[in-house]
Amino acid sequence: MNATSSDATPTPGRIVLLTTSHRVAPGLLSWPAWQALHAADRVLCADGAHPQLPYLREAGIRVDEASPTAEELVGACAGGRTVVVVATGEGEPALTDGLARLAGSGRVAMPELELLPASYDLPGARLLDLVQVMDRIRAECPWSSRQTHKGLAKYGIEEAYELVEAIEDGDRDELREELGDVLLQVVFHARIAEEDPDAPFSIDDVAAGIVTKLIHRHPHVFGDETATTPEEVKEHWLRTKAVEKRRTSLTDGVPLGQPGLALASKLASRVRTAGLPVPPPAGEGIGYDLLAMAVRAEAEGVDPEAALRAAARAYRDAIREAEGTPTEG
């Protein structure tokens with residue numbers, strides 16, 4: 001490496017700030033990162049316990065544990081030297097701020113500065129953060145540490161309804177937040193399940209189960225079968241589900257505790273899909289009238305629960321208008 005340029009002016013060198021993601025296994029670095037590390041005149045890291053260090057040293061890279069000031073780092077680059085700084089989790093804000101101040105002062109010939117991401121978060125990587133946060137909350141929070149599956153059940157129902165409301169309102173910010181609240185319920189229950197003395201399972205077991213299920217029920221995506229319409233996809237899904245669950249009746253697996261209109265619509269959907277000629281029973285009273293309306297709505301492709309909610313919202317608005325109360329969004 002040449003220490004001077006053609007006009008004998010000392011070259012200020014190069015500083016490479018190497019960042020890594022704690023959500024990616026240590027040692028899995030990009031090829032440009034390995035090239036920069038091997039070519040550097042010096043590699044520094046302020047954290048002697050940085051998870052990347054064992055892997056760098058195993059690769060033959062000498063890493064000095066040091067936390068230089070901006071001035072010291074610029075000085076280390078004198079003569080055209082390249083210094084790589086392996087950033088800690090915080091990203092070295094004090095160092096970068098100091099370098100910015102030096103550059104702005106105009107008093108120092110600054111080295112070339114480069115930010116080099118050595119590893120990137122994959123889609124879904126922030127879910128690892130959620131698992132870690134939930135683990136700590138479960139261990140340290142007086143309320144969360146005492147929760148049980150039964151105690152949390154009501155919150156799962158509430159969050160599901162709030163998610164539906166956000167969807168119907170068309171509020172994107174609210175939708176994102178409510179999806180997070182529903183996701184929290186899943187992670188919370190999975191964390192509690194880890195502590196079961198007889199049949200423990202983790203969030204990884206939950207994810208593995210749904211991955212296996214999705215692949216098995218989408219042979220037109222992951223296998224050799226063909227499905228060209230949504231109806232064909234649904235038919236295969238229901239057929240595969242029936243085999244998996246070893247169901248003997250169309251009504252198996254239909255939760256009777258769900259709202260009445262949704263229950264009626266689900267039963268009607270099962271009957272219609274199977275082609276079973278079972279008309280709704282005749283009877284006296286509003287219950288049978290509602291059942292017949294729910295069956296008719298399902299046949300017409302209408303969600304009776306959503307339709308009733310929309311009508312109820314209109315009724316609410318009419319009430320508020322009669323009261324002279326501003327209508328909510």
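Return only the number of the condition from (1) open to solvent by 80 Å² or more (accessible area, probe 1.4 Å); (2) part of a helix (DSSP H, G or I); (3) within 30 Å of M134 (Cα to Cα) that V243 does not satisfy.
For V243, the failing item is (3).
Which of the following residues is closer than 30 Å to E72 by Cβ and either at pLDDT below 95 or in contact with a His (Cβ under 6 Å, 6 or more places away or on another chain) (or both): G170, G104?
Working: G170 fails: closer than 30 Å to E72 by Cβ.
Testing whether each residue is closer than 30 Å to E72 by Cβ and either at pLDDT below 95 or in contact with a His (Cβ under 6 Å, 6 or more places away or on another chain) (or both) leaves just G104.
Do you know which residues across region 158-174 are in a loop (DSSP other than H, G, I, E, B) and either open to solvent by 80 Å² or more (accessible area, probe 1.4 Å) or free of Cβ contacts under 8 Å to residues at least 40 places away in the same chain (or both)? Full working, then the answer.
Filtering region 158-174 down to residues in a loop (DSSP other than H, G, I, E, B) leaves 170-171.
The one that is in a loop (DSSP other than H, G, I, E, B) and either open to solvent by 80 Å² or more (accessible area, probe 1.4 Å) or free of Cβ contacts under 8 Å to residues at least 40 places away in the same chain (or both): G170.
Looking at region 232-246, can you tell me whether even one residue there is under 23 Å from the mean Cα position of the chain (by Cα) and charged (D, E, K, R)?
Taking region 232-246 first, the residues under 23 Å from the mean Cα position of the chain (by Cα) are none.
No.
Could you say which residue among A208, A199 is under 23 Å from the mean Cα position of the chain (by Cα), within 29 Å of V243 (Cα to Cα) and modelled with pLDDT of 95 or more?
Working: A199 fails: under 23 Å from the mean Cα position of the chain (by Cα).
The conditions single out A208.
Output the residues belonging to region 175-208 that are without any contact (Cβ under 8 Å) to a residue 12 or more places away in the chain and open to solvent by less than 70 Å² (accessible area, probe 1.4 Å).
G180, D196, A199, A207, A208
Out of G91, G106, I need the residue that is farther than 24 Å from H38 by Cβ and out of contact with any strand residue (DSSP E or B) (no Cβ under 6 Å at 6 or more places or on another chain). Which one?
Working: G91 fails: farther than 24 Å from H38 by Cβ.
Criteria check complete, one pass: G106.
Let me confirm something: among A268, A299, A294, A274, which residue is of a type outside the set (V, I, T), modelled with pLDDT of 90 or more, touching a Leu at 6+ places or on another chain (Cβ under 8 Å) and closer than 30 Å to R217 by Cα? Working first, answer last.
Values: A268 fails: touching a Leu at 6+ places or on another chain (Cβ under 8 Å); A299 fails: touching a Leu at 6+ places or on another chain (Cβ under 8 Å); A274 fails: modelled with pLDDT of 90 or more.
The conditions single out A294.
Yes/no per residue for (1) of a type in the set (D, E, K, R); (2) in contact (Cβ under 8 Å) with a residue 40 or more places away in the chain; (3) out of contact with any Pro (no Cβ under 8 Å at 6 or more places or on another chain):
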site	(1), (2), (3)
S265	no, yes, no
G275	no, no, yes
Y288	no, no, no
M293	no, no, no
R296	yes, no, yes
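Considering only residues of region 117-147 that are of a type in the set (V, I, T) and open to solvent by less than 70 Å² (accessible area, probe 1.4 Å), which is farthest from I15 (Cα to Cα)?
First pass over region 117-147, keeping only residues of a type in the set (V, I, T): 131, 133, 137.
Right, trim to open to solvent by less than 70 Å² (accessible area, probe 1.4 Å) and you get 131, 137.
Details: V131: 35, I137: 39 Å.
Only one residue fits best here, namely I137.
Considering region 282-329 alone, what residues qualify as being open to solvent by less than 80 Å² (accessible area, probe 1.4 Å), assigned to a loop (DSSP other than H, G, I, E, B) and more than 20 Å from G170 (Cβ to Cβ)?
The answer is G283, G285, G301, G324, T325.
The values are calculated or read from the model by the stated rules, or taken from the named source; none is laboratory data. Predicted model only: the values in this text are computed from it and were never measured. Cβ: placed from backbone, ideal geometry, glycine included. Neighbour counts: every protein chain shown. Protein only, heavy atoms only, side chains kept; ligands, DNA and RNA dropped before computing areas. Shrake-Rupley method; radii C 1.70, N 1.55, O 1.52, S 1.80 Å.
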